[in-house]
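Asker: Here it is, the structure, as structure tokens.
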Amino acid sequence: MLLNPFTYHAPTTLEEACKLHGELPDNRLLAGGTFLIKTLKSLKKKGMSTPRHIISLKNISELSSVKKEWDMLTIGAMTTLTTLYESAQLTGDLAVIPSVCRNIGTTTIRNMATIGGNLACRYTWTEFPAVMLCLEAALHFFDKDGKEEIVTAEDFFKNGAKTEKILAFVSMKRDKETCCIYKRISQKSPVDVPLVSLCIRGGFKNNRFHHVHVAVNNGIDFARRDNRLENFLNGHTAKDSTPEESLHHIDAALYDANDDYKKQISRALLREAVRELREACS
Amino acid sequence: MTKPNFTNPVGKSVPRIDGKGLVTGQAKYVFDMKLPGMLVGKMLRSPHAHARILSIDTSKAEQLPGVSAIITAKDTNLIKFGSNEYFFPHTVDQLPLEDEKVRYIGDELGAVAAIDEETAEKALKLIDVEYEILPAVFDMQEAMKPGAPQIHDHVRNNMGVILPTNFGNVERALKESDYVREDVFYCSDAAHCCLEPHVCIGRWEVFSDKITLWVSTQAPFKVREALAKTLKLELNDIRVIKLAVGGGFGGKLEMLPMDFAACLLSKKAGGLPVKICYSREEEFCFSRRKHGMIYKLKSGVKKDGTLMAITGEVIADGGGYCSYGPTVMAAAIMRIFIVYKIKNFRITGYRIYTNTPVSGAIRGFGGVQSGFSIESHIDLLARGIGMDPVAFRLKNITEPNMVTANKMIISSNGLKECIERSARAAGWTEKHAKNRQGKEPHLRRGIGIGLAADVMGSKMYKSHESAGAMIKIEEDGSIYLFTGAADTGQGANTALSQIAAQALGVSYDRIRCIAADTGITPFDTGSFASRVTFISGNAALLAAQDAKKQILEIVAQEHRIEISDLDIEAENIINRKTSTVLMSFDKALELCYSFDYGRQIIGRGSFNPKTTPVDFRTGEGNVSSSYSFEAQIAEVEVNTETGVIKVLKMWDAHDVGKAINPSSVESQIEGSVAMGVGYTFYEDLEMKNGRILNPNFADYRLMRSRGCVPIETILIETHDPQGPFGAKGMGEAALLPTSAAIANALQDAVGIRLTELPITPAKVLKALEEKKKKEKEA
Amino acid sequence: MRTLSINKKTYELDLQGHETVLEILRDRLGFTGTKTACEDAECGACTVLIDGKAVLSCITLACDTEGKEITTIEGLAEGETLHPIQQAYLDKGAVQCGFCIPGMIMSTKALLDKNPDPTQEEIEYALDGNICRCSGYLKIFDAVKHAAKMIKEAKTHE
């Protein structure tokens, strides 16, 4: 037996799911299962208690679609990483999403794991938070009465989880003026979680950067914005030396963590990212 | 008979004999097995690294519904087991269930059998063990110091194994050298990571079949021997059966307490079968692991590149018990003689007990650690005198038909050709020391070489190293090959069947291979030391020749022809004198089983390799009947900004004697290199206070399809006079030089030398910084 | 009672909520072709296809697969004829200990069903969830390419 017994629920509408989630005592939401089921196994092994009710969101079809209306993209929380990876709608600055999906887990994991699960689990080490910060994504939560609350990705990662609500959609505005670059380095082997990852989004016009967002994930804390570097880059006239110069204008505490290698590597990645951002936008 | 597809199969990549079962999921592993009434067994383990067992109270657990049997040391004969009884009796140091002391976290002191896993686990928690916690020591260098906690009462300073080797006159040779250098290398430990975990089902029916143990093993006969000894039974009381095995890599080479426990639990449970299956975490923490080693070397060379002397010291982290420690130490040191002509040699090996999980056999038997150390050191020596590493090696390698300083007898030896062919294929002269860059200036390219040689067999089972085989031919011409050899995925059953078919002169598809069942098949020491193709292969060859002789005797009698004029070729009995076909093989078998003759064809073969007595304590003697050789070249690209090393390609030229099945041979090389690359860059058991911190595939990373390395294999066939059809063993050697070839390529690329495994990007960047600093100062 | 469809046959089972597809296959129905080397979503040996997608049966709840088609290694061969992918693995010597092979073959099938002519990089990506400790993967890549070729040839002959 891999898991402790629980009662399984499979609502078919978001409304029903919200209600169950609000009413059932000691319940957990099941999305792709790559995090939850693993965790339940490990809790069982350690002899710790596990939830009494599992609410599977798999049968709620409205949650697994990618929709584009004008410049607004809405991704259902149950959309798998493989679907995102293969989605033809993610172009321009949003092309960063499929490229990030490629690095998460393995094919079998990507076939199961969902973007909602990825974000709601709030791992400190995964790839998406930094990207969501840069894309200024909004997370759409629903409470037991079906009332929607929209939280920015930045607030979500700063202020804590919303376990009492269901994350149903992630939305973001596509900005044709900007490009988005993502950089990472693996912990040990080529297929591995990132040791450090960072995302830069911005535009480049008349040889100047604008609308720059920089978010870094040092693998210890949640991804955070580097406002200092953003301020430096915004309006900055690009020169060949800009990538190197940017390194003198970073919020060092964000990158340094407690590790010399991370410190060096994040600078190398940053340098490359700034250079690529300029090239991509030019 | 079905249409014969594979006459003269030797040298052809015939499909695996068990292949269809494996690709359809029908092949059965012990992991898949279920028997009526089967109970689940679990081991009771110590939570402490070092403690005295004061008392064990199982009464509460026994009362738990669903618990069928509980055993502790008091149910046993208190007989120790070990893997080197013959040469190192004092290293027989582990009880199947410990009675006085526990020596590492996870040490076994009891076991439970229950109706299901949950009940067994609950029962374990109800067993009260009172411990007196003893001071523990986790670091091998600390454990060697006087005053360190003593882990085994009979061993001072925790020096479980000391191997002093000394040949020639080292002092004089070093004095006569033009260049002497000292290096220290640090080799991390590692795990086997067989995909099928350790698993067994024991059934002990006292009044009928006695013991049957189905076990995922590389050495059923060694398991049987250890069981018979510790349970005080006759060998024929115990039937050990191997099914399909999901990888071994040295980790399934001995009886573990779980095997013993499954049998004894079954006896206590009235003969109900008991299955014990390790979880992945147990597999990482409580099976066996690779010895971490510190390899100190000091060697001297002449200006012309002549290797004058090698001296040094090897310290190995042994963990709580000896396991295969002595052999690992011997192999880590003595292999040097097979590769290099060296007269003056003195290395002392110390295998140290620590309160950590037990180190044991793993593919390469210490050769991976010594391969990294020696081949890095050799490169540094060559650099020291400004000589090309390939030229330096060519000057010092062993030759065909020579006797080494420690009296190893080398017959066929294709090492020179291995070096030349791999160097040519890799473009060594165009690439080495050329300060090359990749697409961008911060991507630097380099190339490096490493050599290795390997035994095919090692005297680990008492005094002999033999293998037996039987060929049984049925009246319709279909054939059974019975071998004791344990195919763990390398394709032994296929290669042995090819050898038998070739020797019989029939098609390979006539053969069905029945292997590794101690109640049915002949004896075989097991799958280790790259011995199966060579030793078990020779046994299969002899059995086939014997069966063939029996057939030809009858044909000769019937046709009144001298038997010496008869032969079997491509499924036909032929008269060699007249070059005519007398009859088909099928017809010949009809004749054998006819009214007139009615003779069963049962061929037997027994092969004991020609070796001389080896004294593992001094390292003198000829451990193997022949030796295999290889040269491996790595080309890397180093990103000087991130420290990440990309292996662009590896070349491996391997003297395999004769490739019985070229595809299988390539597979062994590719698999070894992949393992070596993982070991070089990321495979490492992280440990704190005797506890393994990364016992899962998320934290202990293995090579995956993304990130794998292109490998070109070059097979060199030297046709060994003693090998079956000229074949030699080769399953391990390709893993030995990989780390060094990469480290040497790294130095060629960016001028840094890393002496500690694993080679991580962080270490690369740090070394690059230091190099920059030094250059500035200069 | 819930109905599962496995290798095109239906099974009525009194599924418990916590039971995984892996447990149903191996322990309840005896389909032991599907392996597991970690039970922890890392090794890929438990890979099966659910509606054509390669997923890990050790973290898939059986209840979640109701109304979907599960395909395991036992569902590939037809009678005594191996599936071209199985044949290719055999022909190219891609099989050693065999423990990873059922999962590896299922991942290969998911890949080739979707992408009949994958590049080397696409193959490496598609199989990155399946650990093989024996082979170094090179012969497995050969097998995937060979299988793609065989499937294509079989289609042109139809």
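Nothing in this text is a laboratory measurement; each read-out follows from the coordinates by a stated rule. No experiment lies behind these values; they were computed from the predicted model shown. Note that each Cβ is placed from the backbone with ideal geometry, even for glycine, and that neighbours are counted across all protein chains shown.
Asker: Enumerate the whole-percent occupancy of each 5 Å bin, from 0 to the last occupied one, for all C-alpha pair distances of the range B:547-607.
Answerer: Answer for the range B:547-607: a P(r) of 4, 19, 32, 24, 13, 7, 1 percent.
Asker: How large are Rg and Dmax for chain C when only the alpha carbon atoms are used, in Å?
Answerer: 15.4, 46
Asker: Enumerate by residue number the GluC sites (Glu not before Pro) in the range C:13-116 meeting two conditions: DSSP loop (anything except H, G, I, E, B), and at most 10 other Cβ atoms within 10 Å of the site's Cβ.
Answerer: Values: sites: C:19, C:23, C:39, C:42, C:66, C:69, C:74, C:78, C:80; in loops: C:19, C:39, C:42, C:66, C:80.
Answer by residue number: C:80.
Asker: In addition: Can you give me the Cα centroid spacing of the range C:96-158 and the range B:359-375 in angstrom?
Answerer: When both Cα centres are located, 33 Å separates them.
Asker: OK, next. Longest exposed-loop-site-free stretch of chain B, with GluC sites (Glu not before Pro), DSSP loop and at most 13 other Cβ within 10 Å?
Answerer: Longest run free of exposed loop sites: B:235-561.
Asker: Follow-up. Out of every Cα pair in the range A:132-240, what percent are spaced more than 16 Å from each other? The partial results should precede the final answer.
Answerer: Working: 3913 of 5886 pairs.
Counting pairs separated by more than 16 Å, the tail of P(r) holds 66 percent.
Asker: Report the Stokes-Einstein translational diffusion coefficient (µm² s⁻¹, integer) for the range C:102-148, Rh taken as the Kirkwood radius over Cα pairs, at 20 °C with viscosity 1.002 mPa s.
Answerer: Calculated translational D: 204 µm²/s.
Asker: Which of the residue pairs A:45/B:242; B:341/B:407; B:472/B:549 have a Cα-Cα distance greater than 18 Å in the structure shown?
Answerer: A:45/B:242
Asker: Per residue of chain B, what 222 nm ellipticity follows from adding -39500 (n - 2.57) for every DSSP H run with n ≥ 4, rounded to the nearest 500? Don't skip to the answer; put the middle values down first.
Answerer: Details: 19 runs with 213 residues, N = 778.
Only helices count here, giving -8500 deg cm²/dmol.
Asker: So what are the ³J(HN,Hα) numbers for the range B:163-179, from phi and the Karplus equation (6.51, -1.76, 1.60; θ = phi - 60°), rounded to whole Hz, Gly and Pro as x?
Answerer: 10, x, 10, 7, 10, x, 10, 5, 4, 4, 5, 5, 4, 7, 6, 8, 9
Asker: Dividing the convex hull volume of the Cα atoms of the range B:693-778 by its residue count, what figure in Å³ per residue is obtained?
Answerer: With only Cα atoms used, the range B:693-778 gives 194 Å³ per residue.
Asker: Within chain A, what is the longest stretch that has no GluC sites (Glu not before Pro) placed in a DSSP loop and near at most 16 other beta-carbon atoms within 10 Å? Working shown, then result.
Answerer: Values: sites that count: A:136, A:164, A:177.
It works out to A:1-135.
Asker: Then there's this: Ordered by residue, what ³J(HN,Hα) values in Hz, to whole numbers, does the range B:47-58 give under the Karplus form 6.51 cos²θ - 1.76 cosθ + 1.60, where θ = phi - 60° and Gly and Pro are x?
Answerer: x, 10, 7, 7, 7, 8, 8, 8, 7, 10, 10, 9
Asker: Past the 21 Å Cα-Cα mark, which pairs from B:12/C:139; B:80/B:145; A:41/B:267?
Answerer: In this structure, B:80/B:145; A:41/B:267 lie more than 21 Å apart at Cα.
Asker: Continuing with the same structure: For residue B:83, which sequence-distant residues (separation of 5 or more, or a different chain) have an amide H within less than 5 Å of its own amide H, given hydrogens modelled in the peptide plane?
Answerer: Result for residue B:83 returns B:323.
Asker: If all Cα-Cα distances of chain B are sorted into 20 Å bins from 0 onward, what percent lands in each bin, rounded to whole numbers?
Answerer: Distribution as computed: 16, 47, 30, 6, 0 percent.
Asker: Still on this model: Which whole-number percent is the relative contact order of the range B:577-672 (Cα, under 8 Å, 6+ apart)?
Answerer: Across the range B:577-672, relative contact order equals 15 percent.
Asker: Only loop residues by DSSP count here, and only those with at most 16 other Cβ atoms within 10 Å; note down the trypsin sites (Lys or Arg not before Pro) in the range B:577-628 that meet that.
Answerer: Answer by residue number: B:577, B:599, B:610, B:617.
Asker: Return the sequence-ordered ³J(HN,Hα) values of the range B:605-617 in whole Hz as given by the Karplus equation 6.51 cos²θ - 1.76 cosθ + 1.60 applied to θ = phi - 60°, using x for Gly and Pro.
Answerer: x, 9, 10, 10, x, 6, 9, 10, x, 9, 9, 5, 6
Asker: For a quick check of your reading of the filter: which chymotrypsin sites (Phe, Trp or Tyr not before Pro) in the range A:1-68 sit in a DSSP loop and have no more than 14 other Cβ atoms within 10 Å?
Answerer: none
Asker: Quick one: Debye curve from the C-alpha atoms of the range B:200-353, no solvent, what's log10 I(q)/I(0) at q = 0.08, 0.15, 0.16 Å⁻¹?
Answerer: -0.36, -0.84, -0.91
Asker: Okay, next question. Give the Cα extents of the range B:388-496 along the principal axes, in whole Å, largest first.
Answerer: 70, 40, 25
Asker: So how do A:70, B:428, B:204, A:125 line up by other beta-carbon neighbours within 10 Å, fewest first? Working shown, then result.
Answerer: Numbers: A:70 7, B:428 22, B:204 26, A:125 17.
Neighbour counts put them in this order, fewest first: A:70, A:125, B:428, B:204.
Asker: State, as an integer percentage, the relative contact order of chain B based on alpha-carbon contacts under 8 Å between residues 6 or more apart.
Answerer: Dividing the mean separation by the residue count of chain B yields 16 percent.
Asker: Quote the Stokes-Einstein diffusion coefficient, in whole µm² s⁻¹, for the range B:514-574, based on the Kirkwood radius over alpha carbon pairs, a temperature of 37 °C and a viscosity of 0.692 mPa s.
Answerer: 238
Asker: Same structure, new question: Cα gyration tensor of the range A:63-185, axes a ≥ b ≥ c as square roots of the eigenvalues: rounded (a/c below 1.5), prolate (a/b > b/c) or oblate?
Answerer: Taking the square roots of the gyration eigenvalues as a ≥ b ≥ c, the range A:63-185 is rounded.
Asker: Step through the table entries A:67/B:439; B:434/C:149; B:175/B:763; B:20/C:114, compare each Cα-Cα distance with 31 Å, and write down the pairs that go over it.
Answerer: Long pairs (Cα-Cα over 31 Å): A:67/B:439; B:434/C:149; B:175/B:763.
Asker: Counting only DSSP beta bridges with both residues in chain A, tell me the antiparallel percent, nearest 5.
Answerer: Numbers: 40 of 48 bridges.
Close to 85 percent.
Asker: If you restrict to DSSP beta bridges whose two residues both lie in the range B:460-613, what percentage is antiparallel, to the nearest 5?
Answerer: Numbers: 21 of 26 bridges.
Of all bridge pairs located within the range B:460-613, approximately 80 percent are antiparallel.
Asker: Next up: P(r) for the range B:322-417, please, calculated from all Cα pair distances in 5 Å bins and given in %.
Answerer: Distribution as computed: 2, 11, 19, 20, 20, 13, 7, 4, 2, 0 percent.
Asker: Can you pull the three principal axis extents for the Cα set of the protein assembly as shown, in Å, largest first?
Answerer: 98, 79, 75
Asker: If the cut-off is 19 Å between C-alpha atoms, which lysines fall inside it for residue A:44, apart from same-chain ones fewer than 8 positions away?
Answerer: B:42, B:122, B:125
Asker: Report the local net charge at residue C:93: Lys and Arg +1, Asp and Glu -1, summed over other residues whose C-beta lies under 11 Å from its C-beta.
Answerer: Once positives and negatives cancel, what remains is -1.
Asker: Then there's this: For B:54, A:133, B:95, which order do you get if you count the other beta carbons within 10 Å of each Cβ and list the fewest first?
Answerer: Ranking B:54, A:133, B:95 by Cβ neighbours within 10 Å, fewest first, gives B:54, B:95, A:133.
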